[in-house]
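The values are calculated or read from the model by the stated rules, or taken from the named source; none is laboratory data. In this text, all values refer to a predicted model and were calculated from it rather than measured experimentally. Neighbour counts run over all protein chains shown; Cβ positions are idealised from the backbone, glycine included.
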Amino acid sequence: MKLDKIYIIWQFDPRSKNIGGVGKYVISFAKEIYEKYEVVIVGVTKNAKEVGKLQVINLDGFNIFFLPVCTDKNIPTKSFTPLLFKFVLGLNKFKNLFDKRATFFLQRFEYSFIKMNANSRYFVNFHYDISHYLERKSGESYWKYFPSVYKYLLKKIEPNINGFFSVNNQSCHYLKRLLHKRKEIYFFPTWADSKLFYYETERVNVKLKVISKFDLLPNNYYLLSIGRINKSKNLMMLLTCIVDLPENFSLIIVGDGPYLDNCIEFAKQNGIQNRVLFLGRIEHYKIKDLYVACDLYVSTSLTEGMSIALMESLACGTPALTFNTGEASTVIQEGLNGLIVHDFSYASFLEGIRSMYSQRNNFIHKNISDSISKFSAKDIISSILEKFKAS
């Protein structure tokens, strides 16, 4: 079937300062296809006057259609009324604005509770490990309190969906068990936006610029953590590592979230506030220099789908240390581009940092960047579009 218009639906404002991993995915997807297809990002806005009005916005130099369907002044923090609920109501309210023969690429399955059109096609993309998502100890999801309802609703909407995608193999296995008669369940990895994250030939000069901008210590070994600061990111473990490491180890944390104040207080109480730099939110297109300037990307996250930050770091030629979450084992080649810690213990992660430090001169930045060349946005998105057409 011919593709004309594609709506990419995700509850975010693509112009905001903090768009998160899924937001990066959506923007990169839109930029990749906008010349061949009419693509519209459907999201949210802080400005009530924009709701329900199609507009053209500039994203990293690309002019993309944007249709906000609800307002949320607390982006990206949580509000009393879940944004998901407001967003689904907005999708239904403005359903008449959608082309009746379009393709809808939904970044959450709950969006499929809009009133569907028989001539349209609907695809759902899961950006997380579903089994971990439904565990009470993981993340901030409301569904962890109602896992049986989640499963029931997923089965309920299944007949209306043309295909299911996930960036996480475990989620694909979960869906195949739950929807055991369904064949259209596909794993497609994520990628780093090559227009923003790439091997930097002037690496030394970039590092000197970052050192000057943030008043860093030029001889220190800098760890970098990027992402929402919540319970599942497990940042207290990372901060404790800094406490137990020598003075020449420092940490840069980019992002915010409900545990940010706890992390800042912990750093003060343990006397490491001068070795930990909290930068808060930074626009995604400004982060590349930090990846280049730092010595090691680290993730103590307890659950991931397929980390875009991990992909971005490697694309920039910076090695990574991570727990064995999401698709880390698909990406990390030990000795070439990083190290995986398999047992989720503090002692093992601390030893992992020490190991990466001792091997720091063995890593070749260009080889690290080349190691993820098979995760090409162009190739992956082309394969997704073929599934759209074949449905």
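Of all residues in region 23-42, those satisfying the criterion of being out of contact with any Lys or Arg (no Cβ under 9 Å at 6 or more places or on another chain) and either outside any loop (DSSP other than H, G, I, E, B) or hydroxyl-bearing (S, T, Y) (or both) are G23, K24, Y25, V26, I27, F29, A30, I33, Y34, I41, V42. Going through region 23-33 one residue at a time, which ones are touching a residue at least 40 places away in the same chain (Cβ under 8 Å) and of a type in the set (A, V, I, L, M, F, W, C)? Once the filter is applied, which keeps residues that are touching a residue at least 40 places away in the same chain (Cβ under 8 Å) and of a type in the set (A, V, I, L, M, F, W, C), region 23-33 yields V26, I27, F29, I33.
Remark: L91 matches the filter, which requires a residue to be in contact (Cβ under 8 Å) with a residue 60 or more places away in the chain and surrounded by 13 or more Cβ atoms within 10 Å (Cβ to Cβ).
Would you call T240 in contact with a Ser or Thr (Cβ under 6 Å, 6 or more places away or on another chain) and among the polar types (S, T, N, Q)? Break it down stepwise before answering.
Details: in contact with a Ser or Thr (Cβ under 6 Å, 6 or more places away or on another chain): no; among the polar types (S, T, N, Q): yes.
No: the conditions fail for T240.
Selection within region 6-24: residues that are among the aliphatic types (A, V, I, L, M) and buried (at least 22 other Cβ atoms within 10 Å of the Cβ). The member of this set that is farthest from M311 (Cα to Cα) is I6. The sole residue among G52, G23 that is at negative phi and small (G, A, S) is G23.
Could you tell me whether T325 is among the hydroxyl-bearing types (S, T, Y), assigned by TED's automatic domain parsing to the domain that holds P246 and more than 15 Å from L223 (Cβ to Cβ)?
Numbers: among the hydroxyl-bearing types (S, T, Y): yes; assigned by TED's automatic domain parsing to the domain that holds P246: yes; more than 15 Å from L223 (Cβ to Cβ): yes.
Considered against the rule, which asks whether it is among the hydroxyl-bearing types (S, T, Y), assigned by TED's automatic domain parsing to the domain that holds P246 and more than 15 Å from L223 (Cβ to Cβ), T325 comes out as yes.
Across region 174-207, which residue is surrounded by the most Cβ atoms within 10 Å (Cβ to Cβ) among those that are hydroxyl-bearing (S, T, Y) and outside any helix (DSSP H, G or I)?
Of region 174-207, the ones hydroxyl-bearing (S, T, Y) are 174, 186, 190, 194, 198-199, 201.
Checking the rest, the ones that are also outside any helix (DSSP H, G or I) come to 186, 190, 194, 198-199, 201.
On the way: Y186: 16, T190: 25, S194: 15, Y198: 16, Y199: 16, T201: 11.
Only one residue fits best here, namely T190.
Residues that are farther than 21 Å from R228 by Cβ and buried (at least 21 other Cβ atoms within 10 Å of the Cβ) within region 40-58 comprise V40, V42, listed in sequence order. So which residues in region 273-303 are out of contact with any Leu (no Cβ under 8 Å at 6 or more places or on another chain) and closer than 18 Å to F349 by Cα, if there are any at all? Result: S301, L302, T303. Could you check how many residues of region 208-234 are touching a Gly at 6+ places or on another chain (Cβ under 9 Å), assigned to a helix (DSSP H, G or I) and within 16 Å of L279 (Cα to Cα)? Within region 208-234, residues that are touching a Gly at 6+ places or on another chain (Cβ under 9 Å), assigned to a helix (DSSP H, G or I) and within 16 Å of L279 (Cα to Cα) number 0. A Cβ distance below 7 Å, combined with a sequence gap of six or more or placement on separate chains, defines the contacts here; from region 236-250, residues that are outside the structural domain of N220 (by TED's automatic domain parsing) reach no residue that is modelled with pLDDT of 95 or more and part of a helix (DSSP H, G or I). For residues that are within 23 Å of S166 (Cβ to Cβ) and free of Cβ contacts under 8 Å to residues at least 60 places away in the same chain, tally how many sit in region 1-22. Of the residues in region 1-22, 1 are within 23 Å of S166 (Cβ to Cβ) and free of Cβ contacts under 8 Å to residues at least 60 places away in the same chain. L224 meets all of the listed conditions (1) at pLDDT 95 or above; (2) within 20 Å of the chain's Cα centre (by Cα); (3) surrounded by fewer than 13 Cβ atoms within 10 Å (Cβ to Cβ) but one, namely (3). Residues in region 295-315 that are of a type in the set (A, V, I, L, M, F, W, C) and in contact with an Asp or Glu (Cβ under 7 Å, 6 or more places away or on another chain): M306 only. Looking across region 365-387, the residues that are crowded, with 18+ Cβ neighbours inside 10 Å and either outside any helix (DSSP H, G or I) or among the hydroxyl-bearing types (S, T, Y) (or both) come down to S369, S371, I372, F375.
Taking into account only those residues within region 227-253 that are polar (S, T, N, Q) and modelled with pLDDT of 95 or more, which is surrounded by the most Cβ atoms within 10 Å (Cβ to Cβ)? Outline the logic, then answer.
Step one: filter region 227-253 for residues polar (S, T, N, Q), giving 230, 232, 234, 240, 248, 250.
Restricting the remaining residues to those that are modelled with pLDDT of 95 or more gives 240, 248, 250.
Working: T240: 17, N248: 12, S250: 21.
If we take residues in region 227-253 being polar (S, T, N, Q) and modelled with pLDDT of 95 or more, then S250 is surrounded by the most Cβ atoms within 10 Å (Cβ to Cβ).
Residues that are in contact with a Gly (Cβ under 9 Å, 6 or more places away or on another chain), within 12 Å of L224 (Cα to Cα), at pLDDT below 95 and in a loop (DSSP other than H, G, I, E, B) occur in region 254-270; there is at least one. Whenever a residue of region 333-354 is of a type in the set (V, I, T) and modelled with pLDDT of 95 or more, its partners that are surrounded by fewer than 20 Cβ atoms within 10 Å (Cβ to Cβ) and assigned to a loop (DSSP other than H, G, I, E, B), lying with C-beta atoms within less than 6 angstrom and at least six residues away or across chains, give the pairs I340/N324.
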